[in-house]
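Working notes, beginning with the structure itself.
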């Protein structure tokens, strides 16, 4: 009996090769953890970055100026949400983008805090660690998840061909 079942790469339905052959991809518990961990960490990191937009509300401004400033401060969060959506669909691409953003913006954030705000070297490095390292970690986890799923799918297809 033919039953369409989801595939790992696209989530779309496709026809099984032979009648009775199951084309099901089941995740192990470690693969489930690696699958969901980058998504949850990225959502929490975006919420953390979004929290800094709340400084747009100041008593001396009109409500429209405050809303405009608030939306302007949320632009990095909107960009990060778009990258998370890309990573959710294509893990490898999202992982590379998040890792590149995390590593690429580190010197800029360090210099901004050290020179403009007059922070010490240690404080500037701590700011870089708090803001950028979660995105580097998420990028690496997305890449690891991609390759773990690819290897498990390859192993699963080899077992089906052998038996």
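Just so it is clear, none of the values below were taken in a lab; they were calculated from the coordinates. Keep in mind that what you see is a predicted model, and the values were worked out from it rather than measured. When we count neighbours, we look across all protein chains shown, and the Cβ atoms used for this are built from the backbone with ideal geometry, even at glycine.
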Label-point separation (nm) for residue 140 and residue 126, each offset 7 Å from Cα along Cα-to-Cβ?
2.3
What's the extension gain from residue 58 to residue 79 if we count 0.36 nm per residue and subtract their Cα-Cα distance?
5.1 nm
Roughly how far apart, in whole Å, are the Cα centres of the range 142-156 and the range 32-52?
21
For residue 48 and residue 147, what does the FRET efficiency come to when R0 = 35 Å and r is the distance between their Cβ atoms, rounded to the nearest 0.05?
0.80
With a point put 7 Å past each Cα toward its Cβ, work out how far residue 28 is from residue 70 in nm, to one decimal.
4.7
Which residues in the range 36-51 place their backbone N less than 18 Å from a point set 7 Å from the Cα of residue 119 along the Cα-to-Cβ direction?
45-51
